Amino acid sequence: TSLAVLWSEGSIVLTGCGPLRLNDTLERVSYQAVLVAAGVCVFCRIAFGQSVSSLLDEYYYDDLEEITTLQVKVAEILAVVGVAG
């Protein structure tokens, strides 16, 4: 979803209108999902003083694969970039 938001923002910057091949409903849902993900990230940082990936590492120790935590970290970064963009 973050990539869809970045694609949409990039298209708007380059052409002045949204991407032609991205469905409006998908674009809308992508924006909402990025806002929710970014909100969760900010909430975790304020309430717990840690990122979501740190919380997952702390609570699930060795139960999560390394790639899962990497995916969460990337999702956090992309959500922030999508909101900031």
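The values are calculated or read from the model by the stated rules, or taken from the named source; none is laboratory data. A quick note: this is a predicted structure, and the numbers were derived from the prediction, not measured. We place every Cβ from the backbone using ideal geometry, glycine too, and count neighbours over all the protein chains shown. The accessibility values were calculated without ligands, DNA or RNA, using every heavy atom of the protein model including side chains. Shrake-Rupley method; radii C 1.70, N 1.55, O 1.52, S 1.80 Å.
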Out of 84, 4, report the one residue that is at pLDDT 80 or above and aliphatic (A, V, I, L, M). 4
Of the conditions (1) of a type in the set (D, E, K, R); (2) open to solvent by 70 Å² or more (accessible area, probe 1.4 Å); (3) under 21 Å from residue 84 (Cβ atoms), residue 27 clears all except one; give me its number. (2)
Restricting attention to region 55-67, and to residues there that are open to solvent by less than 90 Å² (accessible area, probe 1.4 Å) and modelled with pLDDT of 75 or more, which single residue is farthest from residue 13 (Cα to Cα)? 58
